[in-house]
Amino acid sequence: MIITMSLKNKTVLITGASRGIGKAIALRLAGEGANIVIAAKSVEENPKLGGTIFSAASEVEEAGGHGLAVQCDIRFEDQVQNMVQKAVERFGGIDIVVNNASAISLTPTEQTEAKRFDLMHDINVRGTFLVTKASIPYLKKSSNAHILTLSPPLNLHPKWLKGHIAYTLAKYSMSMMALGWAAELKQYNIASNALWPRTTIDTAAVRNLLGGEALAKMSRTPQILADAAFIIFNKPAAQCNGNCFIDEEVFASEGITDLEKYSVVPGAQLYKDLFVD
């Protein structure tokens, strides 16, 4: 049973929230009356990806929350600081940070261009670090602060290192930061956890970069991560800290084992995500 701690009027900063998993989390928390900061680059819609910061903010309002659209490329410290400042000016503080924005390129070493290596590390590692750093002074003032980073468990089996080393390094760095912040910020009652899906998730990345429609049909919807995040944010920070969560495990801890409703195609064979044995 989920013990509901009100998220009404809590301020949630979500990177990469104009579409996909980030937007699903935004809408789930908006339904609880939260203030949502939509931090992303998209101000004009890409037909292949869909969604902008403005359309996402509008959907947040329709879902019952308060939305603030801020164009922000998290690779740049000045843009991050501006985004955090706008969030604080509008809503008075920050209670939750969701590090969702990421770049992906599943290429072996010889096929990984330097610009792709740099992009993944600039967004996934540097960007996540900068957003969290800028938010800490405000998280310290929250009554139940959470940092949630969308990154995998640290599985060091060589099969997860080979084939896409640059991407693995970038995502594992996110998880290491999540665990590091759990220890570093515990004294301030700020929880830090990572969250990763057991299965692939039906997003633009899956459809356009990884497996197309076929893989999308073997995936779950982004809603599963949104609901898992909601469960995590309802935990007291002092009691929910330093975990690399798998979504299924979050539900199981609440006695929820039937996850069929999240399947894109009911009854379909599901495809395991990267880094999950």
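The values are calculated or read from the model by the stated rules, or taken from the named source; none is laboratory data. What you see is a predicted model; the values in this text were computed from it and never measured. No Cβ is skipped: glycine too gets one built from the backbone with ideal geometry, and neighbour counts run over all protein chains shown. With ligands, DNA and RNA removed, areas are computed over all heavy atoms of the protein, side chains included. Shrake-Rupley method; radii C 1.70, N 1.55, O 1.52, S 1.80 Å.
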Calculated FRET efficiency for the pair K8/K272, C-beta based, R₀ 41 Å, to 0.05: 0.65
Using a 1.4 Å probe on heavy atoms of the protein chains only, the accessible area for K162 in Å², nearest 10, reads 140 Å²
Sequence-distant residues sharing a close amide H with L270 (under 5 Å, placed H): none
Extent of the range 1-129 along each principal axis, from alpha carbon coordinates, in Å, largest to smallest? 50, 35, 28
Accessible area expressed per residue, the chain, with surrounding protein chains retained (probe 1.4 Å, Å²): 45 Å²
Can you work out ³J(HN,Hα) from phi for every residue in the range 27-35, in order, using Karplus 6.51 cos²θ - 1.76 cosθ + 1.60 and θ = phi - 60°, giving whole Hz and x for Gly and Pro? 5, 4, 6, 4, x, 9, x, 7, 8
Testing the spin-label approximation: label points 7 Å from Cα along Cα→Cβ at D118 and A252. State their distance in nm. 4.3 nm
Measuring from a point 7 Å past the Cα of T107 along Cα-to-C-beta, which residues in the range 161-184 have an amide N at less than 16 Å? 163-170
Name the long-range amide H neighbours of A69: under 5 Å, sequence gap of 5 or more, or other chain; modelled H, no Pro or chain starts. I38
Links that overshoot a 25 Å alpha carbon limit, given the list K41/K86; K41/K217; K10/K140; K86/K235; K23/K162; K133/K235: K41/K217; K86/K235; K23/K162
Give the accessible area for E61 in Å² (nearest 10); use a 1.4 Å probe, count only protein heavy atoms, and leave out ligands, DNA and RNA. 90 Å²
Near the amide H of R198, under 5 Å away, which other amide H atoms are found, from residues 5 or more places off or on another chain, if H is placed in the peptide plane? D247, E248
3J(HN,Hα) from dihedral phi, the range 137-153, Karplus parametrisation 6.51/-1.76/1.60, rounded to Hz, x for glycine, proline: x, 8, 4, 4, 8, 7, 7, 8, 7, 9, 10, 10, 10, 7, 8, x, x
Just the number, please: percent antiparallel of the DSSP beta bridges in the chain, rounded to the nearest 5. 5 percent
Given axes a ≥ b ≥ c from the Cα gyration tensor, I'd like to know whether the chain is rounded (a/c under 1.5), prolate (a/b larger than b/c) or oblate. rounded
Shape category assigned to the range 114-165 from the gyration tensor of Cα positions, a/c cut at 1.5: oblate
Could you let me know the centre-to-centre spacing of the range 181-242 and the range 6-28, using Cα atoms, in angstrom? 12 Å
Can you work out ³J(HN,Hα) from phi for every residue in the range 11-24, in order, using Karplus 6.51 cos²θ - 1.76 cosθ + 1.60 and θ = phi - 60°, giving whole Hz and x for Gly and Pro? 9, 10, 9, 10, 8, x, 9, 7, 7, x, 4, x, 5, 4
Where the accessible area of the range 45-114 is counted over protein heavy atoms with a 1.4 Å probe, how much of it, in %, is carbon and sulfur? 46 percent
Ignoring ligands, DNA and RNA, what percent of the 1.4 Å accessible area of the range 165-277 is carbon and sulfur? 54 percent
